[in-house]
Amino acid sequence: TVTEFILVGFEQSSPPTRALLFALFLALYSLAMAMNGLIIFITWTDPRLNSPMYFFLGHLSFLDVCFITTTIPHMLIHLTVKNHIVSFVACMTQMDLVFCVGVAECILLAFMAYDCYVAICHPLSYSQIVSRQVCVSLVSIAWSFGLINGILLEYVSFQNPFCRDNHIENFFCEAPIVIALSCGDPQFSLKVIFADAIVVLLSPMVLIVISYARILASILGRNSSSGRGKTFSTCASHLTVVIFFYTSAMFSYMNPRSTHGPDKDKPFSLLYTIITPMCNPVIYSFRNKEMKGAMVRALGRSSLSQAESV
């Protein structure tokens with residue numbers, strides 16, 4: 001009976017390549033943690049950012065921090081040692097966290113698109129539609145759905161016994177790869193994951209596309225051209241991040257296993273586990289004037305406190 005798994009990941013790479021990948025991913029991880037941590041601090045401490053948009057941004061950054069911390073530190077350890085062994089319980093825990101945080105982020109991105117739609121298309125009734133209570137309820141729904149989804153899919157993935165190959169051809173315990181290693185019939189588990197992916201990936205993506213389509217239609221229908229280019233740029237940036245995140249996740253969880261392989265799985269896994277969490281702060285926050293002002297105020301308070309302590 002299998003009691004542990006071996007993450008193959010980048011094991012076949014040469015030592016110089018592994019060292020280069022370690023430095024690159026460590027830099028990307030540190031940058032993503034710093035940017036998302038700064039957004040969390042600003043949105044939760046600056047009273048001027050007391051609006052639904054920044055409330056959602058703070059929670060999105062918190063989800064990104066949880067997401068990359070669940071996978072990337074394990075990968076960095078794997079790059080420094082050969083035959084990175086993961087216990088059965090650790091693999092289950094990692095898979096549960098990936099599902100929980102990933103699903104919660106999918107749902108939260110859809111809610112953020114809806115918030116943007118209401119703010120642009122219904123500005124007069126925005127405060128009534130997206131009240132503080134509604135924001136808390138939406139974030140609670142995202143977390144609750146992610147938690148329930150993680151427990152369900154973890155159970156489905158590990159319901160069959162494991163008694164043969166224990167080499168996972170990726171840098172973390174990805175469900176379809178783990179299921180393919182089980183001794184029982186994997187078709188039922190793969191069908192459940194496929195059906196679940198339709199709900200948690202396609203449904204939010206449809207809501208996102210509809211929201212941004214109505215935003216663009218509303219902007220195009222106005223006589224004034226002021227702000228039109230900025231709105232187009234913002235919508236295009238948001239949709240780019242969403243498309244990267246959703247298409248990479250769809251490839252991992254909705255494609256037949258015959259189309260997969262180590263050379264295909266790892267790039268897509270990297271795309272939605274580290275690239276998207278790193279891009280989210282830049283796309284959603286750092287291009288915003290109010291966020292830049294909040295950062296300047298936060299840095300100013302930090303400099304002042306250091307000066308007073310000296």
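The values are calculated or read from the model by the stated rules, or taken from the named source; none is laboratory data. Here the structure is a predicted model, which means the values were calculated and not measured. Neighbour counts run over all protein chains shown; Cβ positions are idealised from the backbone, glycine included. Surface accessibility is based on the protein's heavy atoms, side chains included, excluding ligands, DNA and RNA. Shrake-Rupley method; radii C 1.70, N 1.55, O 1.52, S 1.80 Å.
What to note about this one:
- Applying D = kT/(6 pi eta Rh) to the chain, where Rh is the Kirkwood radius over alpha-carbon pairs, T corresponds to 4 °C and eta to 1.567 mPa s, the Stokes-Einstein value obtained is 62 µm²/s.
- Nonpolar atom fraction for the chain, defined as the carbon and sulfur part of the 1.4 Å probe accessible area, stands at 68 percent.
- Crossing angle, helix 228-254 versus the chain [Cα axis fit, 0-90 degrees, rounded to tens]: 20
- On Cα atoms only, tilt of 15-45 relative to the major axis of the chain in degrees: 40
- Stokes-Einstein D for the range 44-160, Kirkwood Rh over Cα pairs, 20 °C, 1.002 mPa s (µm²/s): 133
- Straight-line cross-link partners of Lys289 among the aspartates and glutamates, defined as a Cα under 19 Å from its Cα and at least 8 positions apart when in the same chain: Asp46, Asp115.
- Simple point charges give the picture: +1 on the Cβ of Lys and Arg, -1 on the Cβ of Asp and Glu, and for the range 4-301 a dipole about the Cα centre of about 1260 debye.
- Taking Cα atoms only, the orientation of helix 88-121 departs from the longest principal axis of the chain by about 20 degrees.
- Potential extension, Val282-Leu124 segment - 0.36 nm per residue separation minus Cα distance: 54.0 nm
- Amide H to amide H distances under 5 Å link Ile168 with Ile6, Leu7, Val8, where only residues 5 or more positions off or on other chains count and H is placed in the peptide plane.
- Solvent exposure of the chain amounts to 47 Å² per residue of accessible area, where only protein heavy atoms count and the probe is 1.4 Å.
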